[in-house]
1. Specify the residue that is farthest from Pro144 (Cα to Cα); the eligible residues are those in segment 210-235 that are touching a residue at least 40 places away in the same chain (Cβ under 8 Å), in contact with an Asp or Glu (Cβ under 8 Å, 6 or more places away or on another chain) and in a strand (DSSP E or B).
2. Based on what the data block shows, is Thr289 closer than 15 Å to Met418 by Cβ, exposed (fewer than 15 other Cβ atoms within 10 Å of the Cβ) and either small (Gly, Ala, Ser) or in contact with a Gly (Cβ under 9 Å, 6 or more places away or on another chain) (or both)?
3. Assess whether Thr452 counts as being of a type in the set (S, T, N, Q), over 42 Å from the mean Cα position of the chain (by Cα), over 17 Å from Ser489 (Cα atoms) and assigned by TED's automatic domain parsing to the domain that holds Val522.
4. In segment 180-195, which residues are surrounded by 11 or more Cβ atoms within 10 Å (Cβ to Cβ) and either closer than 16 Å to Thr142 by Cβ or of a type in the set (Ser, Thr, Tyr) (or both)?
5. Could you run through segment 262-290 and say how many residues are part of a loop (DSSP other than H, G, I, E, B) and polar (S, T, N, Q)?
6. Suppose the filter is at pLDDT 95 or above and surrounded by 16 or more Cβ atoms within 10 Å (Cβ to Cβ); does Val37 pass it?
7. Taking the options Gln488, Gln551, Gln521, name whichever one is within 16 Å of Ala433 (Cβ to Cβ), in contact with a strand residue (DSSP E or B) (Cβ under 9 Å, 6 or more places away or on another chain) and surrounded by fewer than 22 Cβ atoms within 10 Å (Cβ to Cβ).
Amino acid sequence: MLTKKISQFLILAGVLLFAGCKKDTFKEEAGLCPLVVATDPENNQTGVALNQEIIITFNKEMDPTTISNKSITLEGPAEIVGTVSYSGITATFTPGAPLATSTTFTGRVKTSVKDVQGNALQEEFSWTFSTSATITPMVLSTDPLNNSTGVLLNKTLSAKFNVAMNPSTINGNTFTLNDGGTAVAGAVSYSGNNAYFNPNVDLNLNTLYTATITTGAENVAGDGITNDYIWTFTTGTQTSPTVVSTNPANNGTNVPLNKVISVQFNEPMDPATIDGSSFLLMDGTTAITGSVAFTNLTATFTPASNLSPNTLYSATITTNAKNIAGAGLLNNHDWSFTTSNTTFNPTINLNSVARFGMISGQGVSNNAGPSQINNLDVGIYPGVRTSITGFFSVDGGPGLIVNGGFYAADDAAPIPAMLLQAKNDLTAAYLAAEGAISPAPATVSGDIGGQTLPPGIYKSTSTLSIQSGNLTLDGQGNPNAEWIFQIQSDLTTVGGAPFPSPAGGNVILIGGAQAKNVTWQVGSSATVGDYTSFKGNILALTTITMNAFSQAEGRMLCSNGAVTLTSTNTISKP
């Protein structure tokens with residue numbers, strides 16, 4: 001019977017499409033990866049006729065030269081001799097003699113089968129059926145495979161059964177691992193027809209190991225596997241990379257709709273493997289489009305448009321993500337989060353430049369002291385990487401970036417295109433702030449220190465300063481309250497005293513006001529004074545300077561000139 005739940009097939013096909021197909025060098029991927037979508041007999045079918053032909057149906061046309069009795073096999077107590085033919089999208093295995101009575105058989109379609117575009121089956125497909133009224137429990141497959149070499153030292157072993165097993169019989173007595181005559185200590189678990197052995201410590205390098213599933217492993221009916229299942233493998237010298245943190249965290253809530261999704265790894269990764277096939281974002285079964293970037297230890301996914309409100313999203317780093325040595329994650333890393341239920345869209349939308357805490361045209365420098373940028377990236381365009389100075393991961397300087405990366409115009413593709421888009425989005429945001437007219441702008445001038453301002457647009461036709469006292473922005477209980485400061489020339493704050501001095505220069509938020517909703521459009525240059533606590537996003541045309549010990553909850557975004565940190569500054573994501 002050639003039946004299959006079409007919804008299950010479509011979901012599986014979609015997942016494989018987004019994950020990318022393994023294919024031969026110089027071959028072009030076209031469409032979905034090849035899949036086995038039906039078999040006759042079906043999985044775990046009983047009472048199969050002794051003269052049964054074995055039929056395998058694929059989801060697409062396959063390369064006939066890859067369909068043979070080497071890539072499609074049938075096993076009983078021993079391998080069954082037979083012939084293999086192929087027509088349309090169907091392969092047929094014809095046994096050379098009638099099948100044995102009262103026997104459970106295993107069919108296998110191996111990863112050497114390929115479609116006509118050269119895309120290989122992603123993993124071996126196996127299933128069982130029986131010529132009797134019952135199915136004998138057996139091990140269908142293992143990971144690592146028998147006789148594998150170069151196995152990762154932090155590998156968790158797994159064995160897949162053909163039927164549901166009694167979990168109480170899957171334990172340290174029935175699933176063992178040995179290094180010669182020495183037993184390896186580890187934790188054994190069982191889930192969804194799969195048994196797992198997780199060694200307590202990393203395996204030894206370049207060592208032959210023997211794994212065993214004993215006849216004590218029983219199905220739910222109390223029947224054990226017929227014989228001990230034994231396989232061997234040899235380790236290599238590598239461990240797999242791991243994901244150490246995600247932002248948002250797993251099960252995070254109230255996530256902003258313009259969130260840039262980020263992942264931090266425990267070791268340097270191969271940037272060529274961090275792309276749309278290894279970093280996925282899904283709304284149910286719908287893939288979210290966006291751009292993927294990687295620098296240092298951090299990968300980021302920037303959605304092409306704002307996420308939907310009050311929506312559960314799932315994110316995945318697949319095993320296609322590999323470290324510099326070519327070792328991939330052992331398993332996909334999955335997590336989920338829920339967006340905020342607000343549909344508030346600020347008048348000034350930063351779009352892709354929102355990922356940056358500092359961006360400039362000519363240079364980014366940290367002149368002295370352990371300055372720090374938190375949860376934001378640093379970029380320069382059209383300037384080059386040598387124009388980013390004073391940071392530990394760039395030139396050994398004292399500056400640090402936490403959960404972010406550095407990007408420059410001379411980095412490898414697709415970084416320059418990403419930076420160009422960010423600068424274009426900065427220009428658009430600058431012009432939107434400069435031209436905002438609703439509500440009608442209120443005129444401000446000189447020193448606005450000591451004032452308390454409600455939400456609105458404030459326009460200065462010359463320079464503007466915050467000096468004689470703190471500037472307080474009162475959200476009046478509205479977390480979506482917005483401020484736009486239109487400054488024709490320079491912006492300057494003057495603090496002049498160590499924290500937590502209340503004297504002058506600081507920007508204070510009250511009444512639910514949020515720094516992310518405060519925009520400072522500066523027609524020339526901005527200077528954040530000594531010891532100033534600043535709030536909001538500066539969009540400056542020329543230069544931005546943060547003086548000694550000043551700190552900002554916001555962004556320093558400069559279109560043409562340079563962004564300079566003078567001494568021990570902090571920039572945190574608003």
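1. If we take residues in segment 210-235 being touching a residue at least 40 places away in the same chain (Cβ under 8 Å), in contact with an Asp or Glu (Cβ under 8 Å, 6 or more places away or on another chain) and in a strand (DSSP E or B), then Gly224 is farthest from Pro144 (Cα to Cα).
2. Numbers: closer than 15 Å to Met418 by Cβ: yes; exposed (fewer than 15 other Cβ atoms within 10 Å of the Cβ): yes; either small (Gly, Ala, Ser) or in contact with a Gly (Cβ under 9 Å, 6 or more places away or on another chain) (or both): yes.
For Thr289, the condition - closer than 15 Å to Met418 by Cβ, exposed (fewer than 15 other Cβ atoms within 10 Å of the Cβ) and either small (Gly, Ala, Ser) or in contact with a Gly (Cβ under 9 Å, 6 or more places away or on another chain) (or both) - is met.
3. yes
4. Val184, Gly186, Val188, Ser189, Tyr190, Asn193, Asn194, Ala195
5. 5
6. Details: at pLDDT 95 or above: no; surrounded by 16 or more Cβ atoms within 10 Å (Cβ to Cβ): yes.
Answer is no for this residue.
7. After applying the criteria, what remains is Gln488.
Table: residues versus (1) within 23 Å of Thr156 (Cα to Cα); (2) out of contact with any strand residue (DSSP E or B) (no Cβ under 9 Å at 6 or more places or on another chain); (3) among the aromatic types (Phe, Trp, Tyr).
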residue	(1), (2), (3)
Thr253	no, no, no
Phe301	no, no, yes
Asn310	no, no, no
Tyr313	no, no, yes
Ile317	yes, no, no
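The values are calculated or read from the model by the stated rules, or taken from the named source; none is laboratory data. The structure displayed is predicted, hence computed values, not measured ones. Backbone-built Cβ (ideal geometry, glycine too); neighbour counts: all protein chains shown.
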